[in-house]
Every structure is written in C-alpha cells, then in structure tokens.
C-alpha cells in the first residue's frame, strides 16, 4: 500500500472525524449541549463516509505498470503488465505490447481492469 494523494486526504479526514468525536463526547457530559454534540457526531460521520470513498479511489491510484521482456526462441518481446492484490492473491494482467500502446494507455487500461475486478466505479 503506497501513499497516494487520495490516501493522504482520507487520513486527514479520519483525523478530523476523531477530533469531532472527542469533542462530542466531552459536550455530551455537559447539560444543554446535546445539540452541539449531535452536530459534531453528524459531521464526523460525514467525514468518515468521504474518507471511505477516498480510500476506494486510493486503491485505484495505487497501481503501476511495468515493462517485461518475454523471450520466445531467439526473439525478445517487450510487453506491459500490471499487478494488484485481490483478496489473498496477486493478479497479474497483460496490457499489451510496448510497440503498440503507450505507458499512459496501458495505465488507463489497467485502472479500468482493476476497477472492474475490485467492483469499484471510475
């Protein structure tokens, strides 16, 4: 798991949510401060929901493609591949020949495949 911009933002949102929850716990102990405590708990829940969405986006951002040489007989072919974790297994996918598609196109194709495999929407 790598540190991506979405993952950084998700961590910030989680920290803010924890701060709001601590403030709400303190406010609940004070008479007539229940509305303020409820507002903080609601804000914390919204922050946690946004952080969860960002964590899903971070899983898609945490992807790299690489060139791998494939030898067949006395010829060497260059191809793009990407890998990611699905549960306990590592899935490695072939994206295309280095001669036919660019790195950016291979990365785009890998993101679509990973999103579909993980059940996420792009």
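Rg and Dmax of the range 25-120, based on Cα coordinates, read 22.9, 82 Å.
What is the mean projected area of the alpha carbon convex hull for the range 5-61, to one decimal in square nanometres?
3.3 nm²
Relative to the dominant Cα principal axis of the chain, helix 34-61 is inclined by about 0°. Evaluating kT/(6 pi eta Rh) at 20 °C and 1.002 mPa s, with the Kirkwood radius of the range 65-118 over Cα pairs in the Stokes-Einstein relation, gives 181 µm² s⁻¹.
Helical content of the chain, expressed as a calculated mean residue ellipticity at 222 nm, amounts to -19500 deg cm²/dmol (DSSP H runs of 4 or more residues, -39,500 (n - 2.57) each, divided by residue number, nearest 500).
Bear in mind that the values in this text are calculations on the coordinates, not laboratory data. Computed from a predicted structure; not experimentally measured.
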